[in-house]
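J.: Sharing a structure here in structure tokens format.
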Amino acid sequence: MIKIQIKIKTYTESGAMKRFKHTVLLFLFLVLLWALLTPHNMQEIWAGVAVSALVALFTLRMDPVLGDLKLTPKSFLYLLIYIFVFIKELVISNLDVARRVVDPKLPIKPGIVKVKTKLNSRIGRTILANSITLTPGTLTVDIKDEYLYIHWIEIKHDDLEGATKDIVQKFEKYLEVIFG
């Protein structure tokens with residue numbers, strides 16, 4: 001007697017629901033972005049709806065990147081605050097680096113420091129690393145588990161806690177509410 005075994009890959013309901021949630025959220029985000037960036041011409045808005053639907057459907061089979069995103073009023077408020085905190089830190093660090101370029105007598109003590117993050121989500125850690133890199137004077141070199149390795153233009157703290165406080169915590173407290 002010959003036995004034939006067939007394996008069918010099935011998605012659990014929670015996995016399917018995550019993918020559906022991701023697709024709907026992506027579609028709504030893209031339509032909103034399209035509506036904000038284009039003139040209010042109905043043909044262009046309908047084109048944006050169609051393109052947004054296609055992009056969302058193409059990503060249906062992908063892992064939900066925004067699955068870690070918490071959709072609460074508090075997280076939305078923290079996202080807005082985070083944007084302003086990031087812009088403030090961007091301006092401050094630009095002025096600091098410009099001052100160091102103009103006045104070469106200012107001390108620099110470059111090096112790589114190890115900092116620790118409390119963020120659990122991959123997307124949260126990625127946004128943290130990119131935020132650090134986008135502010136002049138710091139560059140994220142590597143991410144290993146909960147540790148980030150940052151090249152810093154002037155090492156002010158050799159210890160893990162001090163460097164984490166200066167580099168990471170200003171962004172992390174907002175990203176923790178948004179992504180967990």
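Laboratory data are not the source of any read-out in this text; all were calculated from the coordinates shown. From a predicted model like this one, the values you see are computed outputs, not experimental measurements. When we count neighbours, we look across all protein chains shown, and the Cβ atoms used for this are built from the backbone with ideal geometry, even at glycine.
J.: Among the residues of segment 146-166, which ones are more than 16 Å from Ile108 (Cβ to Cβ), in contact with a Ser or Thr (Cβ under 7 Å, 6 or more places away or on another chain) and buried (at least 20 other Cβ atoms within 10 Å of the Cβ)?
T.: Leu148
J.: Picking from Lys156, Lys88, Lys165, Lys170, which residue would you name as being in contact (Cβ under 8 Å) with a residue 60 or more places away in the chain, among the basic types (Lys, Arg) and either more than 27 Å from His22 (Cα to Cα) or outside any strand (DSSP E or B) (or both)?
T.: Result of the check over Lys156, Lys88, Lys165, Lys170: Lys170.
J.: Being in a loop (DSSP other than H, G, I, E, B) and either in contact with a His (Cβ under 9 Å, 6 or more places away or on another chain) or farther than 26 Å from Val177 by Cβ (or both): is that true of Lys118 here?
T.: On the way: in a loop (DSSP other than H, G, I, E, B): yes; either in contact with a His (Cβ under 9 Å, 6 or more places away or on another chain) or farther than 26 Å from Val177 by Cβ (or both): no.
The answer is no for Lys118.
J.: Let me ask something else. Would you mind telling me which numbered condition in (1) part of a helix (DSSP H, G or I); (2) exposed (fewer than 14 other Cβ atoms within 10 Å of the Cβ) Arg125 fails?
T.: (2)
J.: Looking for whichever is hydrophobic (A, V, I, L, M, F, W, C) and crowded, with 16+ Cβ neighbours inside 10 Å here; the options are Ala47, Ala35, Ala56. Which one fits? Before the answer, list the steps.
T.: Values: Ala47 fails: crowded, with 16+ Cβ neighbours inside 10 Å; Ala35 fails: crowded, with 16+ Cβ neighbours inside 10 Å.
Result of the check over Ala47, Ala35, Ala56: Ala56.
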